[in-house]
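Below is one structure; the comments refer to it alone.
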Amino acid sequence: MTEPHAWELRQHEKAQAAAAETVGRLARALAEWETELDYRREALGQIVADRHDRGARVLAAHQAGARMVFGGASGSPSTAEAAWPDVPADAVRVIADHIVQQPLWDAEETTALSAVSDLERRVHQTRRALNHWLAEAGTTDSPADSAPVGPIENGAVEQAEAAAVAVADHGPPAVQSPAAPFSTRLAELGRRVAGW
């Protein structure tokens, strides 16, 4: 087998350098998204804990004699009232507050859950893309552990997300047969890298 030409070697080096740059963008984006995911999970956990606390207070208010009166089909708003005389005013107030605030609490929890789900999807896609581009760059060592903690450069997240989504949507490009000529495999790698 003949040795690859100097031009082929140069193109191979350029393709690997471009792949390594993509690896860097993906690693930095992954580190940032993982940090945000931790934050969003903690926030969601607090929202759920608050919901449980409210549920306990509502249950205690019901046991103290406060109750909710549903508006029914007429569209009238639900109200809180005492089920019997001498029910503590605080118990009725707990039910009244619950009626007013529950839609807002539900919306807040839904938004937080959606944010966590979206970030989990991004992290999964980016990890998949990072593993793919590590292989394209000819290394198995991820630079994610050494990625900067602070904000990353403008556009890097968007570029990394595009890389992640493309790999997730289409899968890694087909691997060339070992029998394929060196220059053919190199040209294919160059075309794929140029798209990033």
In terms of the charge dipole of the range 1-77, which places +1 on Lys and Arg and -1 on Asp and Glu at the beta carbon, the residue among Ala20, Thr2, Leu59 farthest towards the positive end is Leu59
Based only on the alpha carbon positions, what is the Kirkwood hydrodynamic radius of the range 28-82, in angstrom?
14.4
Between Asp118 and Arg10, what FRET efficiency follows from the Cβ-Cβ distance if R0 is 45 Å, with the result rounded to 0.05?
0.65
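Taken together, the values in this text are just the output of simple stated rules run on the coordinates, not laboratory data. From a predicted model like this one, the values you see are computed outputs, not experimental measurements. Methodologically, a virtual Cβ is constructed for each residue, glycine included, from the backbone with ideal geometry; neighbour enumeration extends over all protein chains shown.
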